[in-house]
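The values are calculated or read from the model by the stated rules, or taken from the named source; none is laboratory data. It should be emphasised that the depicted structure is a prediction, and the values quoted were computed from it without experimental measurement. Don't worry about glycine lacking a Cβ; one is built from the backbone with ideal geometry, like all the others, and counts go over all protein chains shown.
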Amino acid sequence: MTDPAAPSERSSAMHIGEVAARTSLSLRSLRHWDEVGLLHPSGRSDGGFRLYQESDVEKILVIRRMKPLGFTLEQMKAVLDDTETLRDPATDAEARRTARARVDAIRTEAVERRAALARQLDMADEFLELITREAGAD
């Protein structure tokens, strides 16, 4: 399938290598996310290469930020879908309320997960202090 984008959009399209470099992600991760349906590139070149737009990069960065918090691929996909629903001016009020409720719930969960990571980081810092003291004691 060729890129359906308009010529001006095609010129701003990025190949997977550029996207990987910009997002500090591996080509493997980006390909995997496409294969499992988490994030499809906006188009394909005539040669079949993945082509990404700036909006794809923004979504990739959302995913990258969710990864350290341990969210599943399904949760990441739901967040992407819900944020698109919220951004779409044609979304009806009920769909907007539902999407907002799910985004609020995932935000609450993200806050809790971040707090747990902060506690782990504090413990790691304590360990480093301890081991540094021990290494200095002769």
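Would you pick out the residues in region 110-138 that are charged (D, E, K, R) and out of contact with any helix residue (DSSP H, G or I) (no Cβ under 8 Å at 6 or more places or on another chain)?
Glu112, Arg119, Asp122, Asp125, Glu126, Glu129, Arg133, Glu134, Asp138
Can you confirm whether Glu84 is out of contact with any Ser or Thr (no Cβ under 8 Å at 6 or more places or on another chain), charged (D, E, K, R) and closer than 21 Å to Gly37 by Cβ?
Yes: the conditions hold for Glu84.
Residues checked against (1) under 18 Å from Met66 (Cβ atoms); (2) loosely packed, with under 11 Cβ neighbours inside 10 Å:
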{"site": "Asp92", "(1), (2)": "no, yes"}
{"site": "Arg96", "(1), (2)": "no, no"}
{"site": "Ile106", "(1), (2)": "yes, no"}
{"site": "Ala110", "(1), (2)": "yes, no"}
{"site": "Arg113", "(1), (2)": "yes, no"}
{"site": "Ala116", "(1), (2)": "yes, no"}
{"site": "Leu128", "(1), (2)": "no, yes"}
{"site": "Ile131", "(1), (2)": "no, yes"}
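Mind checking which pairs have a first residue in region 24-35 that is more than 15 Å from Leu51 (Cα to Cα) and hydrophobic (A, V, I, L, M, F, W, C) and a second that is surrounded by 14 or more Cβ atoms within 10 Å (Cβ to Cβ) and at pLDDT 95 or above, Cβ under 8 Å, 6 or more apart or different chains?
Correct list of pairs: Leu25/Val19; Leu25/Ile60; Leu25/Arg64.
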